[in-house]
Amino acid sequence: MTDERGGPSSPRSRAPVAGLACVLALLFVVSLGVGPVWLSPAEALGGLTGLGSEAARLIVVEIRLPRALLALMIGFSLGLSGAALQGLLRNPLAAPSLFGAPSAAAFGAVLAIALGLVDTLSFALPVAALAGALVSVALLVLVAGPRASLLVVILAGLAISSLAGAATSLALNLAPNPFAALEIAFWLLGSLEDRSLRHVLIAAPFIAAGTALLFADGRAFRALTLGEEAAASLGFPLARVRFRVVLGVALAVGGGVAVAGSIGFVGLVAPHLVRPFVRNDPGRLLLPAALAGAVLLSAADILVRMIPSQGEIRLGVVTALIGAPFFIWLVFARRRSLSGEPA
């Protein structure tokens with residue numbers, strides 16, 4: 001049934017999802033073909049299905065397929081996390097880093113590298129990063145309390161994020177040798193280079209669990225546009241909604257940080273690219289924003305492989321170069337409403 005606003009079953013609602021899905025499928029195929037050895041779309045698909053040459057199969061399945069899958073999964077989780085946080089906080093400038101999970105995940109991985117326990121391709125590295133993300137959620141609940149107000153949760157999250165960032169810098173300063181410090185620095189910049197299907201299998205359960213939690217509260221985000229009191233009067237348990245969102249962001253983003261390092265701005269930019277197509281409805285924004293995030297990160301990962309350089313440019317650098325100017329433009333465009341000045 002179709003309503004005036006264009007509900008979930010309306011052509012207006014389905015159009016951006018279908019368009020983004022088509023673009024994402026195209027980028028996925030392109031990603032399988034881009035690299036030191038270029039493959040045509042037919043060769044890439046042949047290598048993926050096993051119908052092509054053995055060389056194409058090895059290149060696609062062993063090297064490029066894990067990378068393409070991770071770009072899709074991580075971008076999807078970042079875009080969804082950004083849309084969920086913006087819906088929860090009713091603030092278009094909210095980003096997944098707000099509650100400290102990405103910073104804590106980065107610290108967990110950096111600590112493991114600094115102590116010489118693992119290297120950047122070790123199986124134990126994502127485990128350490130995920131442990132850091134989960135510890136940050138436990139600490140957030142401990143500090144703020146299970147039924148704290150949203151302001152208290154935000155302040156506690158910012159404190160945890162700052163603490164994790166400072167601890168990461170300290171670990172970098174106290175690295176036992178220059179090689180460990182360089183390894184930490186490169187990992188913090190974010191990359192999908194040299195990832196394997198093992199990394200996909202490590203991140204997938206956490207990203208899937210976080211995604212399920214974040215998709216559960218679309219109706220609550222729509223109700224929150226009327227205010228917290230109105231949403232509570234409609235029967236939405238806001239304390240549980242906040243906890244699910246915080247835990248979902250920690251699992252989804254923490255899983256991505258665990259295998260790819262720190263990748264910023266995707267969660268901030270993706271929701272804004274598709275918000276006009278859903279008439280600013282936070283409930284219907286979730287899936288388009290998630291797909292937009294996957295498109296952005298897949299495109300950025302293709303770009304880093306195409307830019308001529310001695311070594312591959314880090315993925316986090318490219319997303320920051322794209323996202324930071326967009327963020328500045330967003331603040332500039334909304335400066336009146338952000339400062340409370342009349343339009």
Return Met73, Met306 ranked ascending by Cβ neighbour count within 10 Å, so the fewest neighbours appear first.
-> Met306, Met73
For Ala232 and Ala21 in the same chain, what is the full-extension length gain: residue separation times 0.36 nm, less their Cα-Cα distance, in nm?
-> 72.5 nm
By counting other Cβ atoms within 10 Å of each Cβ, how are Thr211, Thr319, Thr225, Thr49 ranked from fewest to most?
-> Thr49, Thr225, Thr211, Thr319
At 0.36 nm per residue, minus the direct Cα-Cα distance, what do Ala166 and Thr49 gain on full extension? Give it in nm, one decimal, please.
-> 37.5 nm
Taking segment 12-334 and dividing mean pair separation by its residue count, relative contact order in percent (alpha carbons under 8 Å, at least six apart) | 30 percent
Per-pair calculated FRET efficiency, R0 = 22 Å: Val143 and Leu117 via Cβ, rounded to 0.05 | 0.20
Of Val29, Val274, Gly50, whose Cα points farthest to the positive end of the dipole of segment 12-334 (charges on the beta-carbon: +1 Lys, Arg; -1 Asp, Glu; origin at the Cα centre)?
-> Val274
Expressed as cubic angstrom per residue, what is the convex hull volume of the alpha carbon set of segment 133-285?
-> 131 Å³
Take the chain, connect every pair of alpha-carbon atoms lying under 10 Å apart with a spring to form a Gaussian network, then pick out the residue of Ala270, Ala55, Ala216 with the largest mean-square fluctuation.
-> Ala55
Please identify the chymotrypsin sites (Phe, Trp or Tyr not before Pro) of segment 151-239 that satisfy two criteria: DSSP loop assignment and at most 11 other Cβ atoms within 10 Å. Which are they?
-> none
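Only the coordinates and a few stated rules stand behind these numbers; no lab work does. The structure displayed is predicted, hence computed values, not measured ones. Note: ideal-geometry Cβ built from the backbone for every residue, glycine included; neighbour counts use all protein chains shown.
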